[in-house]
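Below is one structure, written out as structure tokens; comments come after it.
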Amino acid sequence: MIELRHVKKVYSANGGETVALDDVDLTIEDGAVYGIIGLSGAGKSTLVRCINLLERPTEGQVLIDGEDLTKVKKKRLLEIRRSIGMIFQNFNLLEQRTVEANVRFPLELAKVRRTTAAKEVRYTREEMRQRVGELLELVGLADKAKAYPSQLSGGQKQRVAIARALATKPKYLLCDEATSALDPNTTQSILGLLKNINETLGVTIVVITHEMKVVESICTDVAVIDRSRVAERGKVSEVFSFPQSEIAKELIIPNLIRSLKSTGGKKLRLVFNGEISDTPVISGLALRYGIAVNILYADTKNIDGKTFGHMVIALPDDGEKAELVKRHLAAQNVIFKEEL
Ligand SMILES: Nc1ncnc2c1ncn2[C@@H]1O[C@H](COP(=O)(O)OP(=O)(O)O)[C@@H](O)[C@H]1O
Ligand SMILES: [Mg+2]
């Protein structure tokens, strides 16, 4: 488990000070794929770099499985860091090394304990060869072992970086905008790989991103960072259905917010979470009560006859009719909320 407790980070540069994180509390449970979203400059990269103490917090604690990294000795810190892999937007591969030599690199630096009693020794050549083989197999690059980074596509480079990050079998993987330099298809394939790593290897993953689609496709939990503070956090299913804070609304449902602001009168925001289909619900209003509601906004998609997404409808001015609409929706188990 990763826990940040009252973490504050102040950068001092050129006589000025920047508060990049302020009183940040975050708990990331084992097995989660935890998304961290926010605008550029919000403090996301600083936050993720505090998790492995690449940045030392000015105040507060960083607990990894209960151990406070801000308190441990250098040697212990290096040990714990080996349980935390990291990947970046720009891949950070060693250009002079082949793919397999990139993946081997952390193994060359690390030592292992072969039995609990034994002291730490270096990996043997054979162990490294075998481990690199497994890793390249895992990321689907077994045929690129001898290639150089410059010969690879962006997606392939990120796969090498993932293999390298996993070399020492970390329990955690931190991803800072790992798909931001990739096209949509490549992004999806990398996200698929990360999900697979989470599910099959049980690696807990922290995903920093400014792309909401990334969170929707793989994250279980999400925190929204706004101007160095946590604005909101929770299960993705909840935060993405009903974002509470202004910043979360702007990030997650910007078009919906725009449509709410563009018209007067009372409105209902409907959330479809796959339990029911939208069409019968809306047409039912017309058929049963003769109320044709005006749909102001819809961002719904149909998957196997079930509807997912949001809709905004105008409530009839007539209070009685408005009540009927709400009763009808409630009876259909539609989740809705009144908006002005
Ligand atoms: N090494 C640094 N020195 C000084 N200021 C920094 C440094 N790194 C980040 N900052 C500042 O801290 C704030 C948060 O930055 P960052 O964590 O990179 O945000 P994000 O990743 O959300 O874009 C920004 O105002 C940024 O300019
Ligand atoms: Mg950043």
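The values are calculated or read from the model by the stated rules, or taken from the named source; none is laboratory data. Because the structure is predicted, anything quoted here is derived from the model rather than measured. All Cβ positions, even for glycine, are placed from backbone atoms using ideal geometry, and neighbour counts span all protein chains on display. Heads up: the accessible areas ignore ligands, DNA and RNA and are worked out on the full protein's heavy atoms, side chains in. Shrake-Rupley method; radii C 1.70, N 1.55, O 1.52, S 1.80 Å.
Pairs of alpha-carbon atoms within less than 8 angstrom and 6+ residues apart define the contacts here; what relative contact order does the chain have, in percent? Walk me through the numbers on the way to the answer.
Numbers: 610 pairs, mean separation 60.0, N = 340.
Relative contact order here is 18 percent.
Once you've got the Cα coordinates, tell me which of Lys44/Lys301; Lys44/Lys267; Lys157/Lys195; Lys71/Lys249; Lys44/Lys235; Lys9/Lys73 are over 26 Å apart. It would help to have the intermediate numbers written out before the result.
Details: Lys44/Lys301 30 Å; Lys44/Lys267 34 Å; Lys157/Lys195 18 Å; Lys71/Lys249 38 Å; Lys44/Lys235 18 Å; Lys9/Lys73 20 Å.
Exceeds cut-off: Lys44/Lys301; Lys44/Lys267; Lys71/Lys249.
For Leu315, enumerate residues with amide H under 5 Å from its amide H, sequence gap 5+ or separate chain, H modeled in the peptide plane.
Placed amide hydrogens put Lys266, Lys267, Leu268 under 5 Å from Leu315.
Collect residues whose amide H, placed 1.01 Å from N in the peptide plane, falls under 5 Å from the amide H of Thr58; neighbours closer than 5 in sequence don't count.
Under 5 Å from the amide H of Thr58: Lys8, Lys9, Val10.
Take every DSSP beta bridge whose two residues both sit in the chain, then give the antiparallel share in percent to the nearest 5. It would help to have the intermediate numbers written out before the result.
Numbers: 45 of 64 bridges.
Bridges in the chain are about 70 percent antiparallel.
How high is the relative contact order of the range 253-339, given as a whole-number percent (alpha carbon pairs under 8 Å, six or more residues apart)? Don't skip to the answer; put the middle values down first.
On the way: 131 pairs, mean separation 34.4, N = 87.
Relative contact order here is 40 percent.
Suppose R0 equals 56 Å; then what is the FRET efficiency for Leu287 and Thr27 from their Cβ-Cβ distance, rounded to the nearest 0.05?
Working: r = 48 Å, r/R0 = 0.86.
Efficiency, from the Cβ-Cβ distance: 0.70.
Could you work out how far apart the two model spin labels at Arg129 and Glu95 are, taking each label as a point 7 Å from the Cα in the direction of the beta carbon, and quote it in nm?
3.1 nm
Accessible area of the range 2-251 with a 1.4 Å probe: how many percent of it is carbon plus sulfur? Display every interim value, and only then the final one.
On the way: 5780 of 12060 Å².
Carbon with sulfur: 48 percent of the solvent-accessible area.
Please report the projected area of the range 1-118's Cα convex hull averaged over all directions, in nm². Please report the intermediate quantities before stating the final value.
Values: hull surface 40.8 nm².
Value for the range 1-118: 10.2 nm².
What residue among Thr115, Thr186, Thr70 has the largest mean-square fluctuation in a Gaussian network model of the chain, using Cα springs under 10 Å?
The residue with the greatest mean-square fluctuation here is Thr115.
Quote the FRET efficiency, to the nearest 0.05, computed for Glu120 versus Ala330 with a Förster distance R0 of 56 Å and r equal to the Cβ-Cβ distance. Numbers along the way, then the final one.
Numbers: r = 62 Å, r/R0 = 1.11.
About 0.35, to the nearest 0.05.
Report the Cα-based extents of the range 2-251 along its three principal axes, largest first, to the nearest Å.
So the extents along the principal axes, rounded to whole Å, are 54, 43, 38.
Excluding ligands and nucleic acids, what accessible area in Å² is computed for Glu95 using a 1.4 Å probe, to the nearest 10?
For Glu95, solvent-accessible area is about 90 Å².
Quick one: which residues, 5 or more positions from Val230 or on another chain, have an amide H under 5 Å from its amide H? H modelled 1.01 Å from N in the peptide plane, none for Pro or chain starts.
When sequence neighbours closer than 5 places are left aside, the close amide H contacts are Asp25.
List the aspartates and glutamates whose Cα sits under 19 Å from the Cα of Lys261, skipping any in the same chain fewer than 8 residues away.
Cross-link targets: Glu246, Glu250, Asp299, Asp317, Glu338, Glu339.
Just to check I understand the Karplus step: with θ = phi - 60° and J = 6.51 cos²θ - 1.76 cosθ + 1.60, what whole-Hz values come out for the range 7-20, glycine and proline as x?
Per-residue couplings from phi come out as 6, 10, 9, 10, 9, 10, 8, 6, x, x, 10, 10, 8, 8 Hz.
Taking every alpha carbon pair in the range 253-339, what does the distance histogram look like in 5 angstrom bins from 0, in percent?
Each 5 Å bin holds this share of Cα pairs: 3, 15, 28, 26, 19, 8, 1, 0.
Which whole-Hz ³J(HN,Hα) couplings does the range 241-249 yield from phi under the Karplus relation 6.51 cos²θ - 1.76 cosθ + 1.60, θ = phi - 60°, glycine and proline marked x?
Those phi angles translate into 7, 10, x, 9, 7, 4, 5, 5, 4 Hz.
Taking 0.36 nm per residue of sequence separation and subtracting the Cα-Cα distance, how much length would be gained by fully extending the chain between Ala110 and Val10, in nm to one decimal?
The Ala110-Val10 span can extend by a further 32.8 nm.
Net charge within 12 Å of Ser217 by Cβ-Cβ distance, Lys/Arg positive one each and Asp/Glu negative one each, not counting Ser217 itself?
On the way: positive: Lys195, Lys213; negative: Glu211, Glu216.
Within the 12 Å Cβ shell, the charges total 0.
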